[in-house]
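Shown next, in structure tokens, is the structure this report addresses.
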Amino acid sequence: MWLVLALALAASGPVGGLALQGETIAAIQVHGNLVTTDDELRGLTGVEIGAPFEPTTIDDVTARLRATKRFEQVQVLKRFASIADPSQIMLVVIVDEGRVKIARTDDPDRPYQAVKNRWPRLMYAPIFGISDRYGVTYGVRVAVPDVLGKDSRLIVPFAWGGEKQAGIGFDKPRQSGWFDRIRGGADWSRRTHPVYEEDVERESLSIRGEHWFRPQVRLGLTAGVEHDTFALEHDTFGRATVDFVVDTRVDPTLPRNAVYGRAAWTYLDGAGMSELDGRAYVGAVGQLILGVRAQRTAADPSLPVYLKPIFGGAANVRGFSAGTVVGDTLTATSVEAILPLTASLRFARLGVSAFADGGAVSCGPELPPCDESWKRGFGGSVWVAATVLRLDVAVAHGVGASTHVIVSGNVSF
């Protein structure tokens, strides 16, 4: 009895593919096939009932089935066909034919049958954003999975409205090598500059690699070339960016006891631009969250005006309009109290915030003179945060300026 159990465990364990002397294939059992018939699948194995079971039988059958290119996954197992006679072996073949569909036939005895779906498997994600700089953007992002290997995606975005976009790109995680993720593609976009009210049209080709020291700490390298059109002027130049990100936020829409920091340097058109952005969030009494933010963007004076940082709006100082002024250097700070009004376990959360912003911009010799004094603003907002959606309606007043209503939101995955 104990000997029989030991043999059964051996057949189902890691050494189940080993053959003992005198073993014979007594049965072939198939599973997972929908389009391929059972008899056809048994024929594709290349073995017959009554044939000897060899040490290479499992590998040989697996290789034959994979060579047909008809199955996305193939698994062949060795099992005992009889407890009384351990020499009788059953081959268990498990296949995955991928996507199939049910089609109508002309056979009255078999009006429906499963057939291979030749259309590519598509994934869809909405594009939706509201910005005080560019207005409402809407569209769709279509992805074809596993085109460039396991877990990869070929992505085709199409957006209209405030920020128009079309292109094709790819996203591929990697299990080996220095880069843990590689992205890239070709892209066309157009949007109206909020300060100069001229269209900025961009055609770009880029590739990006990311190295994850851990999920919260990432280093990214981006290289590409782009052609920009602004106010009937054309610029073609290379772009290269190195950025370092630390992000401990579990929920970016409503962070608590977390930090976010990003440092980036970009080379464009023979000049450079640096970006620093730091944020911290601390849980206070009850559900109240206190957040602080500091940011600085410095652009080389020789860069085109449409590439320089923009002062005002939801991106930095909310008491001033998003189209206030551009400058060579922008510095801004913010303090915010965030209070959810609903329970933390609900799908959608409603809350309010109070904030105070401050910032300044400097205009270099190649820009018109501007007010470089430190500007302050304050206000409050009502927001709704769900799993992938954030919508915020804020009323902000700039000291020495006017009062603005700012609506912002986005869908993110």
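Data for the structure
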{"read-out": "Protection proxy ranking, peptides 322-332, 375-385, average beta carbon neighbours within 10 Å, highest first", "value": "322-332, 375-385"}
{"read-out": "Highest-fluctuation residue, D151, D85, D38 considered, GNM on the chain with Cα pairs under 10 Å", "value": "D85"}
{"read-out": "Extension gain, L339 back to V405 (0.36 nm per residue minus Cα-Cα distance, nm)", "value": "21.8 nm"}
{"read-out": "Angle between the chain longest axis and helix 2-12 axis [Cα atoms, degrees, rounded to 10]", "value": "50 degrees"}
{"read-out": "Residue order for K172, K69 - accessible surface, 1.4 angstrom probe, largest first", "value": "K69, K172"}
{"read-out": "Calculated [θ] (222 nm, deg cm²/dmol) that DSSP helices of n ≥ 4 give over the chain, each run adding -39,500 (n - 2.57)", "value": "-2000 deg cm²/dmol"}
{"read-out": "With every protein chain in place, segment 291-413: carbon and sulfur % of accessible area (1.4 Å)", "value": "65 percent"}
{"read-out": "Cα centroid separation, segment 155-219 to segment 32-84 (Å)", "value": "45 Å"}
{"read-out": "Förster radius 56 Å - calculated FRET efficiency between S176 and E198 (Cβ-Cβ, nearest 0.05)", "value": "0.75"}
{"read-out": "Residue-normalised accessible area of the chain, expressed per residue, 1.4 Å probe, Å²", "value": "55 Å²"}
{"read-out": "Accessible surface ranking that places the most exposed of W178, W188, W212 first, with a 1.4 angstrom probe", "value": "W178, W212, W188"}
{"read-out": "Label-to-label distance, nm, for residues given as V384 and T248 (7 Å Cα→Cβ offset)", "value": "3.3 nm"}
{"read-out": "Residue among L339, L389, L41 with the largest mean-square fluctuation in a Gaussian network model of the chain, springs linking Cα atoms under 10 Å", "value": "L41"}
{"read-out": "With DNA, RNA and ligands ignored, accessible area of K78 (1.4 Å probe; Å², nearest 10)", "value": "10 Å²"}
{"read-out": "Most to least packed among 306-313, 152-159 [average Cβ atoms within 10 Å]", "value": "306-313, 152-159"}
{"read-out": "Spin-label zone in segment 295-325 - amide nitrogen under 17 Å from a point set 7 Å from the Cα of L276 along the C-beta vector", "value": "295-300, 309"}
{"read-out": "Amide N of segment 240-265 lying under 18 Å from the label point, which is placed 7 angstrom from the Cα of A284 along Cα→Cβ", "value": "254-259"}
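The values are calculated or read from the model by the stated rules, or taken from the named source; none is laboratory data. Just so we're clear, the structure is a prediction, and the values are computed from it rather than from any experiment. Using ideal geometry, Cβ is built from the backbone for each residue, glycine included, and neighbour counts are taken over all protein chains shown. Heavy atoms of the whole protein, side chains included, go into the accessibility calculation; ligands, DNA and RNA do not. Shrake-Rupley method; radii C 1.70, N 1.55, O 1.52, S 1.80 Å.
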